[in-house]
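First up is the structure itself, then whatever we jot down about it.
The values are calculated or read from the model by the stated rules, or taken from the named source; none is laboratory data. Owing to the predicted nature of the structure, the values given are computational and were not obtained by experimental measurement. We place every Cβ from the backbone using ideal geometry, glycine too, and count neighbours over all the protein chains shown. Ligands, DNA and RNA are excluded from the accessible area calculation, which covers all protein heavy atoms including side chains. Shrake-Rupley method; radii C 1.70, N 1.55, O 1.52, S 1.80 Å.
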Amino acid sequence: IGSIYIVASTIITFAAFDYSIALLALLLMIFGDMFSALFGMSYGGPKAFRNKTWIGTFFGLFINLIIGFLIFPSFPLLYISMAVTASMVETLTQKIDDNLTVPIFSAFVGQVLVFFLGIELPVLFGLS
């Protein structure tokens, strides 16, 4: 079932948002989810919310910030906002699969910032 949500979120995100925003949002979902689960299950510790641990949440955020910096090094407000949104949604999502919610919410935040701040996004991989 999780793979259905990933495919759906990929289609929705690329259809609704700028290419580079959608790409970053999906990378945040993939790597943030993977590393927060890996470190959360490996090291455990106190719970942040439901079955999510603080260490998993913070490590997911850390990885998301690195990914954001690698994609948009010149736009810290953009990638920090998207990374924080992705990590919060990852932690707080309960009823709907986070593979659907994380990229859509983080891409929405990124797209709103691009629109209101007039950010000129760079062309990534020859696609815009």
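Structural remarks
- Within the stretch 98-111, the only residue that satisfies the criterion of being open to solvent by 50 Å² or more (accessible area, probe 1.4 Å) and more than 9 Å from the chain's Cα centre (by Cα) is PHE108.
- Residue list for the stretch 21-53, filter: open to solvent by 70 Å² or more (accessible area, probe 1.4 Å) and under 19 Å from LEU113 (Cβ atoms): none
- Flag if ASP18 is charged (D, E, K, R) and open to solvent by less than 60 Å² (accessible area, probe 1.4 Å): no
- Screening the candidates ILE80, ILE63 for the property of being open to solvent by 70 Å² or more (accessible area, probe 1.4 Å) and in contact with a Gly (Cβ under 9 Å, 6 or more places away or on another chain) yields one hit, ILE80.
Let's see how each residue does on (1) within 12 Å of the chain's Cα centre (by Cα); (2) on the phi > 0 side of the Ramachandran plot; (3) among the hydroxyl-bearing types (Ser, Thr, Tyr):
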| residue | (1), (2), (3) |
| --- | --- |
| THR57 | no, no, yes |
| PHE69 | no, no, no |
| PRO73 | no, no, no |
| LEU77 | no, no, no |
| ILE80 | yes, no, no |
| SER87 | yes, no, yes |
| THR93 | no, no, yes |
| ILE96 | no, no, no |
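- Residue check for ILE55: at pLDDT 90 or above and out of contact with any Asp or Glu (no Cβ under 9 Å at 6 or more places or on another chain): no
- Residue pairs whose Cβ atoms lie under 9 Å apart, sitting 6 or more positions apart in sequence or on different chains, and linking a residue in the stretch 28-50 that is under 13 Å from LEU61 (Cβ atoms) to a partner that is open to solvent by 80 Å² or more (accessible area, probe 1.4 Å), are PHE35/PHE62; SER36/PHE58; PHE39/PHE58; GLY40/ASN51; GLY40/TRP54; ALA48/TRP54; ALA48/PHE58.
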